[in-house]
Amino acid sequence: MFLSTLQPSATFSFAQDHGISMEKTAIETELSYLVDVDASNVSLDVTGDYIVLEGAVKTTGEYARILRVAREIVGYNRVLSRVLVVSDAA
């Protein structure tokens, strides 16, 4: 049966080689759902096998959450961050 050949097994995995563009989309989606995190000034780019985060956030907490989400999706060593923490200190 055709469908039975698509089930995950020891020799095939649905998550295997799904592509960096899918990972970028997954990160963008996750960031859009974070509560109390304004990621509107953060953009994601793909450079080779790396996800590059660029932009600015207001707190170190926001920065940590954004970085953690990206690393959980693509792996710790595949995220490059160019995000600055810019507070609204007056």
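All of the numbers you see were taken from the coordinates with simple rules; none came from a lab. Keep in mind it's a predicted model, so treat the numbers as computed, not measured. Cβ: placed from backbone, ideal geometry, glycine included. Neighbour counts: every protein chain shown.
Charge tally around G75: other residues with Cβ under 10 Å, Lys/Arg +1 each, Asp/Glu -1 each, net -1. Most tightly packed first, judged by the mean number of other beta-carbon atoms within 10 Å of their residues, the peptides 50-56, 33-39 read 50-56, 33-39. So for the range 19-85: antiparallel DSSP bridges make up what percent, rounded to the nearest 5? If we restrict to bridges inside the range 19-85, about 45 percent are antiparallel. Near S81, the amide H atoms lying under 5 Å from its own belong to L53; only residues 5 or more places off or on other chains count, and H is placed 1.01 Å from N.
Other residues lying with their Cβ under 14 Å from the Cβ of V37 contribute a combined charge of -2, Lys and Arg counting +1, Asp and Glu -1.
Based on every Cα atom in the range 19-85, Rg and the maximum pairwise Cα distance Dmax equal 10.7, 31 Å.
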